[in-house]
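The structure appears below as structure tokens.
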Amino acid sequence: MPRNVHLLLLIHGMWGSPANLASMRRIISEIRGQQSLDDPEGTELHVMLAETNQAESTYDGIDWGGERVATEVFDEIEKLKKEDKNVTRFSVTGYSLGGLLARYVVGILHQRKFFEDVAPVNFNTVATPHLGLLVYPSLLSRFASFIGPKLLSRTGEQFYAVDKWSKTGRPLLMVMADPNRIFYQGLKLFPHIRIYANTVNDLTVPYMTAYIDLEDPFLNHSTNGLTVEYDDKYRPIIKSFSLPDTPPRKRAGPRPFTLVWFKAYKPPLPPRYQVRFPFNLAVIAILPVLFPAFITLVLFRLSVASHSSRARIKLLESDEESATQRLAHILGELERGVEDAVVDMLEEPTPSQEGGSTSKSPRITPTQRQIVAWLNALPQLKKERVFIGDVRNSHGTIVARDVQNFDFHKIGEGVLRHWADAFIM
């Protein structure tokens with residue numbers, strides 16, 4: 001008799017690979033995998049890591065990436081059938097960009113009637129930009145928002161919601177959040193939806209877009225006296241946070257270019273290239289040469305990858321049979337029925353929408369506000385805040401992405417154990 005299988009799909013992020021989610025796979029296998037093996041007559045957990053959308057392929061857009069991953073899911077189910085295993089339950093977890101791909105994949109599966117035979121169970125995202133990438137007042141952020149859609153190909157356009165994905169010109173992120181569209185309707189079928197968001201130090205996917213929120217109480221955490229209470233079992237997940245009635249006095253740091261300052265200074269380099277005093281002085285000395293050379297190399301590398309991606313997309317879209325079967329084509333026809341008045345309303349900001357922000361707060365567009373309202377209306381949505389201090393960028397740490405090279409990434413294992421313990425078999 002065929003063994004019933006609960007298929008768990010894990011999807012990595014931008015520029016990533018399945019190896020990024022090795023800790024996630026290990027921990028869910030330790031906590032839930034052995035449990036399923038101990039019960040021969042119960043449901044077996046089968047963990048699948050998406051593989052077709054790696055490295056430069058992640059430039060090709062949420063939609064093309066989602067199509068690839070959906071094909072993998074159907075192929076994996078056929079493979080399991082040959083092993084006398086029957087997929088009866090389905091869950092998916094996406095990290096970073098992978099969370100957006102997960103929502104697109106759910107739309108494809110729902111459109112193909114997949115959930116009529118397979119029960120959707122858990123839907124999770126970790127550090128996923130549900131609102132797209134935010135634009136902050138800083139010069140660097142504004143520059144990134146200008147150049148990102150050009151250098152990150154189709155994915156960059158969708159990240160910044162400058163694409164015109166639907167027939168009426170709506171961006172894909174908005175269509176995916178629309179309660180009247182297949183993506184939202186498929187997502188709503190999952191009885192257990194939980195998202196995890198970094199509250200601080202995530203330079204890639206800040207709090208507001210990962211937590212689906214219009215306010216960021218952690219924005220000035222380093223100066224406003226904010227304190228957090230960690231979950232005793234799942235640190236760095238926090239149970240609560242609080243602000244003092246009176247902000248503390250700002251402590252003066254060491255004077256620039258003094259010996260104390262030089263000893264504490266960390267050059268703006270990845271963790272593996274950080275060196276201590278006095279060797280950091282040599283790095284400081286060559287920064288005027290190193291930094292421009294590094295930026296030039298990055299921009300060149302991104303432009304080459306983006307050019308390759310656009311050529312790849314053009315080839316994919318030239319396949320007429322494939323194009324007409326894609327979910328984008330099917331929904332494109334449905335989008336013709338969307339009232340133009342709705343689109344006009346969302347494109348025009350109102351005075352109340354623009355007010356109340358601080359100088360450091362990102363600019364939230366009317367489209368992003370509508371996405372927040374729609375997604376937060378999901379009745380089963382639960383959210384977890386993660387506070388990882390004392391790191392330059394917490395984006396990789398939250399999923400313990402590379403514990404072999406960065407010991408501090410182990411901090412994220414508390415998040416993964418919470419996710420695994422909350423996972424419903």
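FYI, it's all coordinate maths here, none of it is from the lab. Everything quoted here is computed from the prediction, not taken from an experiment. Positions of Cβ are generated from backbone atoms using ideal geometry, with glycine treated the same way; all protein chains shown enter the neighbour counts.
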Taking all pairs of distinct alpha-carbon atoms in segment 54-119, Kirkwood radius in angstrom: 12.6
Lysines within cross-link reach of Lys360: Cα-Cα under 18 Å, excluding same-chain residues under 8 positions apart? Lys250
May I ask you to compute the full-extension gain from Met1 to Trp15, defined as 0.36 nm times their residue separation minus their alpha-carbon distance, rounded to one decimal in nm? 0.9 nm
Any chance you could list the semi-axes, whole Å, largest first, of the equivalent ellipsoid that the Cα gyration tensor gives for segment 130-203, using √(5λ)? 25, 19, 8
Euclidean distance between Cα centres, segment 46-113 to segment 150-186, Å: 19
Distance (nanometres) between label positions extended 7 Å along Cα→Cβ at Asp407 and Gln111: 4.9
Restraint check, Lys239/Lys383; Lys188/Lys239; Lys188/Lys382; Lys239/Lys382, Cα-Cα greater than 19 Å: Lys188/Lys239
